[in-house]
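Participant: Below is the structure I would like to discuss, written out as structure tokens.
The values are calculated or read from the model by the stated rules, or taken from the named source; none is laboratory data. Predicted model only: the values in this text are computed from it and were never measured. FYI the Cβ positions are ideal-geometry reconstructions off the backbone, even for glycines, and counts take in every protein chain you see. Just so you know, the surface numbers come from the protein's heavy atoms only, side chains and all, with ligands and any DNA or RNA stripped out. Shrake-Rupley method; radii C 1.70, N 1.55, O 1.52, S 1.80 Å.
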Amino acid sequence: MLNNPIQIQTSKFLITLLSWEWLITLFLTPLFLIAGWWNWLGLFLVAGLVSLRRLVTGKVSRRTTLDWPILLVTAGVAIGLLFSLNIELSANRAWCLVAGLTLYYALTHSLTSDKIGTWAAPALLLMAGLISLGGLVVTDWGRGELIKVPFIYDHIPHLFNTSFGSGASSEQEVNPRVVAGGLLMLLPAIWLYVLKPARPRKIYIQILLLLGAMIPSLVFLLSQSPTAIAGIVAAAIIVWLVVNYRPALLRVYIIGSSLVVLLGFAFTGIGIFWFAHLLPPPDVDPTQRIIFRLEMWLRTLAMLADKPFTGIGLNNFPASIFVFYPTHSLGSEAHAHNIWLQTAADGGLIGLMALLAILVGVARLSRRAWRRHPAQSSIRLLIAGIAIGTLGWLFYGVGESITLAHKPSLLLWGLWGLLAGLAYGTPYPIYGPTGSLNHDPDWLVTKENQAQIKGPQKLINRFTLIVGGVIIVVACLIGLTWNNLLLNLAIVDGQRAWLNQDQIAIARSNQTLQQFVQVNANNISGPTADLIAHLAFSQNDYAATLKYLRVEITQDGQQTVIKYVPSDWTIWRPPTLSLPAEQNNPEVRLYNQWKLRYPNDPLAYARLAVLEAQNCKIKLAQGILDEGTLKTNSAFLLFVAGQLQNLCA
């Protein structure tokens, strides 16, 4: 108990200031959304809040079930930064994660259950309205049209023709599917708030709330995002079950939905290409979108196979796929269009484990918050809405990828912060009417409270054991796959050298990778062979360049998505050369497309010429080399021309 009046007044002021930490953080959040010097200013101010919290409570932060998963997320992001190919792209995502974590802990520390119960649902409704109205004027709605409705889309005003993106895409307007993903996280809680009020409302208030909920719902439908719509359908069914309170059926449905999501992700990694045979004709727009995603997923899996430990670098997907993992039909895509693959690509296996840990932590957080409040409490509806929104986000993640370090993920971190506030209560002392000092029972843990509520200390001990076991398992896996780790690091070094055109680094990487391949010839992939070919070409080692181009053609031609679809598909851009056998020769179509995408790269022409020469079409191969020599003036193509007869199988 504080007896000194000055100490009491000072303590009251600091505690009052900390009780508004959530609002202060909301004002600081924009400082992290665009990379620049102001990011460090925002970090300095956040550090000030943390120091103030330490001064008042004696603790830097309270313990929650998401602490260890957040450490894993941070580790994944750190790996993505450390092994980034383009640090400018990575920095944007890293600062967005800082904003999300700051918001999560600010809400966890500064909101009481009473405040959350009173203001959270209206605030989410207001947030969804702002996203909807803002999205209407900055979104390129025509990009998402599955069903053409020009009488709507042609009359939506476009007030802004640029967006504050991460730099990962050349798109100048907001993608409608991103707007759909953000609204999907909020709509379940909003629907529950509107459809099942805690107390009777006046009719005009209920009508206003219904109209307010309709605006984001209609904007959501305008996006025409297939995976978001699948997520909202699943969420709507759960909302109906909650409104009508069918606990047994609800449990069955949630378990079933979770299994569907997990099977969908497994299907993405294992059986996706067999599915292509069942698709409608290629002139149907959804079919084209699916095939584009199949090819992106195939390339992302190739990235993970090459660099499982480091990933490709945080937010480096567009640079990586365009330069080192080129596809037949795609260019510099912004992301992998699958949250699991994108997360693994960003931070390697650690990033993937972090996502799994976060989902487990959110489930435990929801369970604790649910048990902490009475059965008839309106807060339980908010908890259910947040949990349903998280499940909808997972459905959305099957075909899109709002990761935990993406700007829209601020909504997720905010929702989970509300959950933590409901699960644990306020951590700060509360002054009563007479100036007496009280505490929330979860913060001042007594023996009685420990008997009633499982304290976070036990949870931390349990998670410590789990994390320790995971570290041991990972260490063992690294020991068993030491050569793969070395190859992973060598590929990162080679890709950086090639992007920076550092001749010293190129020479070192070229030697390292070729030595590795000589010892482990069976472990080389098509993209790795292509990287070595480029490094050797830069060193004027034409014999090695030709050698690894042939390895690339052998390895990569076997993995193209075209072999998984019928041969009469015509959705890809037409080639410049008229090749009679092209329709039934996916490798020719693949490499010809690369030639079109890289018209000034001698190796693009060499790939196609070598492929034709290996099929003993020497005259056609010579024509390709002549075209390339005319456009690039490369001595390497003359060297390949002299080897054409030797390449005929």
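Participant: Pull up the stretch 589-600, narrow it to residues that are touching a Lys or Arg at 6+ places or on another chain (Cβ under 8 Å) and either open to solvent by 10 Å² or more (accessible area, probe 1.4 Å) or not hydrophobic (A, V, I, L, M, F, W, C) (or both), then point me to the one that is nearest to PHE636 (Cα to Cα).
Facilitator: Taking the candidates together, the pick is ASN600.
Participant: I'd like the full set of residues that are more than 16 Å from ASP493 (Cβ to Cβ) and open to solvent by 50 Å² or more (accessible area, probe 1.4 Å), limited to the stretch 529-541.
Facilitator: Within the stretch 529-541, ASN540, ASP541 qualify.
Participant: I've got another one for you. Go through the residues of the stretch 16-24 one by one and say whether even a single one is polar (S, T, N, Q) and either at pLDDT 80 or above or touching a Cys at 6+ places or on another chain (Cβ under 9 Å) (or both).
Facilitator: No: the stretch 16-24 contains no residue that is polar (S, T, N, Q) and either at pLDDT 80 or above or touching a Cys at 6+ places or on another chain (Cβ under 9 Å) (or both).
Participant: Quickly run through the stretch 16-30 and pick out the residues that are more than 31 Å from the chain's Cα centre (by Cα) and buried (at least 17 other Cβ atoms within 10 Å of the Cβ).
Facilitator: Result: LEU18, SER19.
Participant: Which of the following residues is modelled with pLDDT under 80 and open to solvent by 40 Å² or more (accessible area, probe 1.4 Å): LEU71, LEU55, LEU43, LEU33?
Facilitator: From the options LEU71, LEU55, LEU43, LEU33, the qualifying one is LEU55.
Participant: Then there is this: Does at least one position in the stretch 203-224 carry a residue that is within 29 Å of THR118 (Cα to Cα), more than 25 Å from the chain's Cα centre (by Cα), at pLDDT below 80 and among the polar types (S, T, N, Q)?
Facilitator: Looking through the stretch 203-224, none of the residues is within 29 Å of THR118 (Cα to Cα), more than 25 Å from the chain's Cα centre (by Cα), at pLDDT below 80 and among the polar types (S, T, N, Q).
Participant: Could you pull out the residue among LEU195, LEU187 that is open to solvent by 40 Å² or more (accessible area, probe 1.4 Å) and closer than 30 Å to VAL398 by Cβ?
Facilitator: Being open to solvent by 40 Å² or more (accessible area, probe 1.4 Å) and closer than 30 Å to VAL398 by Cβ holds for just one of LEU195, LEU187, which is LEU195.
Participant: Additional query: Only one of these is in a helix (DSSP H, G or I), open to solvent by 70 Å² or more (accessible area, probe 1.4 Å) and modelled with pLDDT of 85 or more: GLN511, GLN518. Name it.
Facilitator: Only one candidate passes the filter, namely GLN511.
Participant: Still on this model: Name the residue that is nearest to the chain's Cα centre (by Cα), counting only residues in the stretch 302-314 that are part of a helix (DSSP H, G or I) and over 26 Å from THR390 (Cβ atoms).
Facilitator: Among those residues, the one meeting the criterion is MET303.
Participant: Does any residue of the stretch 336-344 turn out to be touching a Pro at 6+ places or on another chain (Cβ under 6 Å), of a type in the set (Gly, Ala, Ser) and open to solvent by less than 20 Å² (accessible area, probe 1.4 Å)?
Facilitator: Looking through the stretch 336-344, none of the residues is touching a Pro at 6+ places or on another chain (Cβ under 6 Å), of a type in the set (Gly, Ala, Ser) and open to solvent by less than 20 Å² (accessible area, probe 1.4 Å).
Participant: Only one of these is at pLDDT below 80, of a type outside the set (A, V, I, L, M), within 18 Å of THR403 (Cα to Cα) and assigned to a loop (DSSP other than H, G, I, E, B): SER166, SER170. Name it.
Facilitator: The match here is SER166.
Participant: Could you check how many residues of the stretch 363-375 are assigned to a helix (DSSP H, G or I) and open to solvent by 10 Å² or more (accessible area, probe 1.4 Å)?
Facilitator: So the answer is 8.
Participant: Quick test for you: out of LYS148, LYS115, pick the one residue that is out of contact with any Leu (no Cβ under 7 Å at 6 or more places or on another chain), part of a helix (DSSP H, G or I), modelled with pLDDT under 90 and among the charged types (D, E, K, R).
Facilitator: Going through LYS148, LYS115 in turn, just one is out of contact with any Leu (no Cβ under 7 Å at 6 or more places or on another chain), part of a helix (DSSP H, G or I), modelled with pLDDT under 90 and among the charged types (D, E, K, R): LYS115.
Participant: Then there's this: Return the residue satisfying two criteria in turn: it lies in the stretch 58-67 and is modelled with pLDDT under 80 and either within 24 Å of LEU412 (Cα to Cα) or part of a helix (DSSP H, G or I) (or both), and of such residues it is least open to solvent (accessible area, probe 1.4 Å).
Facilitator: For the stretch 58-67, the residue satisfying everything is ARG62.
Participant: Can I ask one more? For the stretch 74-109, what are the residues that are open to solvent by less than 30 Å² (accessible area, probe 1.4 Å) and of a type in the set (Gly, Ala, Ser)?
Facilitator: Of everything in the stretch 74-109, those that are open to solvent by less than 30 Å² (accessible area, probe 1.4 Å) and of a type in the set (Gly, Ala, Ser) turn out to be GLY76, GLY80, SER84, SER90, ALA91, ALA94, ALA99, GLY100, ALA106.
Participant: Would you check which residues across the stretch 315-333 are surrounded by fewer than 21 Cβ atoms within 10 Å (Cβ to Cβ) and within 12 Å of the chain's Cα centre (by Cα) and list them?
Facilitator: Matches in the stretch 315-333: none.
Participant: Same structure, new question: Look at the stretch 182-196 and say how many of its residues are within 16 Å of LEU126 (Cβ to Cβ) and either touching a Phe, Trp or Tyr at 6+ places or on another chain (Cβ under 7 Å) or among the polar types (S, T, N, Q) (or both).
Facilitator: Count: 3.
Participant: Something else about it: Sort out which residues of the stretch 43-58 are of a type outside the set (A, V, I, L, M) and touching a residue at least 60 places away in the same chain (Cβ under 8 Å), and write them in order of number.
Facilitator: Matches in the stretch 43-58: THR57 only.
Participant: Might you let me know whether the stretch 342-352 holds any residue that is of a type in the set (Gly, Ala, Ser), within 17 Å of the chain's Cα centre (by Cα), over 22 Å from MET185 (Cα atoms) and modelled with pLDDT under 85?
Facilitator: no
Participant: Could you say which residue among ASP568, ASP541 is farther than 17 Å from TYR325 by Cα, modelled with pLDDT of 85 or more and acidic (Asp, Glu)?
Facilitator: Exactly one residue qualifies, and that residue is ASP541.
Participant: Would you point out the residue of the stretch 601-619, among those that are part of a helix (DSSP H, G or I) and more than 15 Å from LEU590 (Cα to Cα), that is most open to solvent (accessible area, probe 1.4 Å)?
Facilitator: The residue in question is LYS619.
Participant: When the residues of the stretch 200-235 are narrowed to those that are open to solvent by less than 20 Å² (accessible area, probe 1.4 Å) and β-branched (Val, Ile, Thr), which ends up farthest from PHE395 (Cα to Cα)?
Facilitator: Of everything passing the filter in the stretch 200-235, VAL219 is farthest from PHE395 (Cα to Cα).
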